[in-house]
Amino acid sequence: MGLFSGLEKFGFNIKDVEDIYEEPKSEKEEEKVEVVKAEVKPPEEKEFLVLKYVKCPVCDLKFRSQFIKTGRARRIGADRDLRPRFSHIDTLKYDVVSCPKCGYASISRGFEGLSLAQAKLVRDQICVKFAGKDAGVEDTVDTTYSYEYAIEQHKLALLCTVVKRAAVSEKAYTCLKISWLYRGMIEDILAKDPEADVSKLKEEEMEYYTEAYEGLQLAITKETYPICGMDQETLDYLIATVAFNLGKLEQASRFLSAVILSKTAKRATKDKALELKEEIIAAIKNNKA
């Protein structure tokens, strides 16, 4: 006798059911269908970029340049000295706009903010000598920047800051960005070949890093806050970190003390300052030992 005996008169002939509590197998399980996960490929760099028209304030040429798409790049953190890091792309490479006709270049957010006097200085000292891109040559949808190209463009922007007599902070921050780009290039090279000789690139990084340190210290004596978009405590922390990385422990400690004692500094900034302070104390003790 079975659990369903007697149901034959209704037309059922149930012989295979032994456990009424057994979960029925899905069709996929019965067919033993093997599910193969699709390989997820990392996005290409050009997927983060968008072409925008820009008008040169020096020669009036309207051209297209690459910018990072708003909200496309995902920030994954920052180095101790505030160098930003994003997933799958180094956004710093695209932070300079340069005119392909006259050679004027600048950090993107200040590209069009040029006075008439500054434009004349650029025309007289940059444009007449510029022998870079052909007039009218611009980026295309497939244009991506190498570290070499990005550094070259930032150096051109730095030259323009000197020629147009820009604020000390603009010169210093451009130097800092160049040092960060060298760091990015070094990381990129070592990721592909851990044994590669990057000593010369490291020297270049430190040269611009030192210039940034000197310039930022000078900027706080000449300019009012915010400087480079930073409040006093953030900039003090940045200068302290750069000083620490350059081995200037006493100077780093002095700037950190100002952050730690500040009544307006953000908690996150104070926490980072306290953490770095401990490392400085340990480094000083080691030096004495």
So, R0 is 22 Å and r is the distance between the beta-carbons of Tyr53 and Thr144; what FRET efficiency does that work out to, to 0.05? 0.70
Could you give the distance between the Cα centres of the range 110-174 and the range 57-98, to the whole Å? 15 Å
If contacts are Cα pairs under 8 angstrom and at least 6 residues apart, what is the relative contact order of the range 47-225 in percent? 19 percent
Rounded to the nearest 0.05, FRET efficiency between Val128 and Ala196 (Cβ-Cβ, R0 45 Å) equals 0.70
Footprinting exposure proxy for Glu170, Glu195, Glu138 (fewest neighbouring C-beta atoms within 10 Å first): Glu195, Glu138, Glu170
Size of the dipole of the range 77-230 about the Cα centre, Lys and Arg at +1 and Asp and Glu at -1 on the beta carbon, nothing else charged, in debye to 20? 720 debye
Point-charge dipole on Cβ atoms (K/R +1, D/E -1) for the range 230-289, about Cα centre, debye to 20: 120 debye
For labels at Glu214 and Ile284 in the simple 7 Å Cα→Cβ model, what's the distance in nm? 2.6 nm
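Read the figures in this text as sums done on the coordinates, not as results from a lab. Keep in mind the model is a prediction, meaning the values are calculated, not measured. Glycine gets a Cβ as well: all are built from the backbone with ideal geometry, and neighbour counts include every protein chain shown.
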